[in-house]
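A.B. asks: I have a structure here, written as structure tokens, and I will follow up with some questions on it.
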Amino acid sequence: MTGRDSADFDAFYIATGRRVVLYLYAACCDRAEAQDLAQEAFARAWQHWSRVSRYEDPEAWVRSVAWRLTANRWRGLRRWLTARARMGRPDEAIGGPSPDRVAVTGALQRLPVAQRQAIAMHYLLDMPVHEIAASTGVPVGTIKVRLSRARTALSGLLDEKENSDVTSGA
């Protein structure tokens with residue numbers, strides 16, 4: 001790799017790194033995990049930069065790799081949680097995020113993966129519908145439906161959470 005390639009990759013990373021982490025954060029709801037996944041995706045882009053840099057949208061390639069890495073980690077997490085459940089509850093809990101963040105994160109996690117992906121790309125990456133469609137290989141109409149259904153579901157889930165907090169006195 002030449003110095004020029006290195007400079008191109010550096011500029012690409014600076015321009016897109018934060019957006020990719022934000023996208024992954026919405027997908028996995030864990031900042032450290034999102035940063036790790038983004039780092040791994042960018043490392044793979046670096047390894048193949050001579051090819052990836054010629055793509056029309058190298059950031060879409062990185063997001064796609066990161067999404068697959070996220071899905072692989074979810075599978076591993078599911079196995080870990082199953083094993084953890086067999087071991088019983090931990091002795092003590094530690095402080096966590098704000099109630100609002102927990103509510104939004106919980107609601108996002110209850111959405112189907114495709115809807116969560118569309119919401120993350122549209123609202124956190126400010127991607128227009130046609131770019132999401134091109135990036136995911138899904139028709140524009142399908143993306144519009146996913147966004148509409150996700151907004152409706154999130155509204156219901158967050159209203160449900162708010163109503164349960166009011167009735168429980170929280």
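A short reminder: the numbers here are calculations on the coordinates, not readings from a lab. Not measured: the values here are computed from a predicted model. FYI the Cβ positions are ideal-geometry reconstructions off the backbone, even for glycines, and counts take in every protein chain you see.
A.B. asks: One quarter of the convex hull surface, Cα atoms only: what value does that give for the range 13-79 in nm²?
C.D. replies: On the way: hull surface 17.2 nm².
Dividing the Cα hull surface by four gives the mean projection, 4.3 nm².
A.B. asks: Also: Net charge within 14 Å of Tyr25 by Cβ-Cβ distance, Lys/Arg positive one each and Asp/Glu negative one each, not counting Tyr25 itself? Kindly include the intermediate steps, with their values, before the conclusion.
C.D. replies: Values: positive: Arg18, Arg19, Arg31, Arg63, Arg73, Arg101, Arg116; negative: Asp30, Glu33, Asp36.
Here the count lands on +4.
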